[in-house]
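These notes concern the structure reproduced below.
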Amino acid sequence: MEKVVIVTGANSGIGLALCERLLTEHIQLRLCLACRNMQRAEAARSALLASHARAHVDLLHLDVGSAQSVLAAARELKARNNAQSTSGYKSIFQRNVVNMFATAEGLLTQQDRINSDGLQEVFATNLFGHFLLVRELEPLLCEAGRMSRVVWTSSSNARRTAFSIEDIQHANGTEPYSSSKYASDMLSVALNRHKNSQGLFSSVICPGLVMTNLTYGILPSFFWTFIMPIMWLIRIFTNTFTLTPHNGAASLHWLFLQTPESLDPRAKYHSLTSGFGANYTEPRQMDIDDNMCELLYEKLLELEKDIRRRLTGLNQLECNDMNVCST
Ligand SMILES: NC(=O)c1ccc[n+]([C@@H]2O[C@H](COP(=O)([O-])OP(=O)(O)OC[C@H]3O[C@@H](n4cnc5c(N)ncnc54)[C@H](OP(=O)(O)O)[C@@H]3O)[C@@H](O)[C@H]2O)c1
């Protein structure tokens, strides 16, 4: 069956490597690169089409760190879907939909700030924006007879001790990245509990240590080049040094090949590599508390309501302003 895959953070690193891997083995699928920077998105699309000329690659403007952008992107996806159905083509969402998410803020710098929605930026980018997107697309993803899935790119840095249910945005902590990744692990478990019966499945992966813009953002690239021989050596003794984006995307690709019902909702699927560089995927149990997952889910639904109210208020204000101007 033809599948639709929406990849966030698709213009570089692990997201782009996933797109490359998918097209290499599944040229018939319909790929949507959801990116905030359209110039980079266009460059990624051209690179993918250069090696897969027959591929179907769409672009979607999406800044997952902005609620307004997420809602606009969801509207655009729905409109494209409707346009396809009314023009006689099979609608996009009549097919099996697979959403794969890969996006990030800084890894070790752990710098955070308030974004334009008044949310902590790392939380908004890594978790809330994607949550809002899933919520907005739920009527399509959970339509009767359809099977859809969400895959969260988490990290081995997702630590329970970094997360507090009293401060889900991590406004008062110093490890926003770890907190947001642990929260996405929990959200995945909660989504499975609430949505499996409606055909929506969620999974979590860890890509291992991968050389991407994210890692080059921590330390300058010359430093990584300098220690690279040591990293290759260490890889003989540890399987988590996946190093290349291609290897890092292994578990994302592996999940794509599985039936969602066969997956363990409490496992994190790790991309790993042998000493000789062969990549493989291994599930490991997550350290998750069910009650905490439920609480987080409720808090996210509350926050969603709040953000929607705020945005409606803002739109209302803008309309009022326009009325004043036009009279
Ligand atoms: N690299 C590692 O060792 C490692 C380890 C564990 C987990 N991860 C996770 O893997 C995922 C992918 O990271 P990567 O290593 O491939 O890094 P990367 O090459 O820097 O890719 C990050 C991608 O996310 C996009 N992005 C960032 N903020 C965004 C926003 N607000 N809206 C839309 N897109 C946004 C970036 O787009 P722009 O071009 O617009 O910035 C970029 O395409 C992340 O979730 C990261 O936490 C990575």
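Taking the Cβ of each residue in SER69, SER188, SER251, SER46 as the centre, tally the other Cβ atoms inside 10 Å and list the residues starting with the fewest.
Going from least to most buried by this count: SER46, SER69, SER188, SER251.
So, in the chain, how many Lys pairs have Cα atoms under 28 Å apart, if the pair is 8 or more places apart or on different chains?
Within the chain, the lysine pair count is 18.
With both bridge residues required to lie in the chain, what share of the DSSP beta bridges run antiparallel, to the nearest 5%?
Just about 20 percent of them are antiparallel.
Kindly put GLU143, GLU302 in sequence by how many other C-beta atoms sit within 10 Å of each C-beta, fewest to most.
Starting with the residue having the fewest Cβ neighbours, the order is GLU302, GLU143.
Convert 37 °C to kelvin, take the viscosity as 0.692 mPa s, use the Kirkwood radius over C-alpha pairs of segment 133-210 as Rh, and evaluate the Stokes-Einstein diffusion coefficient in µm²/s, rounded to a whole number.
Answer from the Stokes-Einstein relation: 242 µm²/s.
Which loop GluC sites (Glu not before Pro) in segment 7-61, with loop taken from DSSP, have no more than 15 other Cβ atoms within 10 angstrom of their Cβ?
Qualifying residues, ordered by number: none.
Over the chain, what number does the Rg to Rh ratio reach, with both radii from the alpha-carbon atoms and Rh per Kirkwood?
Rg/Rh for the chain comes to 0.97.
List, in order, the whole-Hz ³J(HN,Hα) value for each residue of segment 160-167 obtained from phi through the Karplus relation with A = 6.51, B = -1.76, C = 1.60 and θ = phi - 60°; use x for Gly and Pro.
4, 5, 7, 9, 10, 5, 6, 9
What FRET efficiency would be calculated for the residue pair ALA50, GLN198, taking the C-beta separation as r and a Förster radius of 30 Å, to the nearest 0.05?
0.15
Nearest 500 deg cm²/dmol is fine: what mean residue ellipticity at 222 nm does the chain get from its DSSP H runs of n ≥ 4 alone, each adding -39,500 (n - 2.57), divided by its residue count?
-15000 deg cm²/dmol
Scan the chain and hand back the longest stretch that contains none of the chymotrypsin sites (Phe, Trp or Tyr not before Pro) lying in DSSP loops with at most 14 other Cβ atoms within 10 Å.
90-236
Report relative contact order for segment 131-205 in percent, whole number only (criteria: Cα-Cα under 8 Å, sequence separation at least 6).
For segment 131-205, the relative contact order is 41 percent.
Would you mind calculating the gained length between PHE237 and THR312 on full extension (0.36 nm times residue separation, minus the Cα-Cα distance), in nm to one decimal?
21.6 nm
Per-residue HN-Hα couplings for segment 291-299, Karplus 6.51 cos²θ - 1.76 cosθ + 1.60 at θ = phi - 60°, whole Hz, x for Gly and Pro?
Those phi angles translate into 5, 5, 4, 4, 4, 4, 4, 4, 5 Hz.
Among ASN291, ASN239, ASN279, whose mean-square fluctuation peaks in a Gaussian network model of the chain (Cα, cutoff 10 Å)?
ASN291
Could you give the size of the charge dipole of the chain about its Cα centre, using +1 on the Cβ of each K and R and -1 on the Cβ of each D and E, expressed in debye and rounded to the nearest 20?
840 debye
Rule-based calculations on the coordinates, nothing more; no lab input. These numbers were taken from a predicted model, which means no experiment stands behind them. Here the Cβ is made from the backbone with ideal geometry for all residues, glycine too, and neighbour counts use every protein chain on show.
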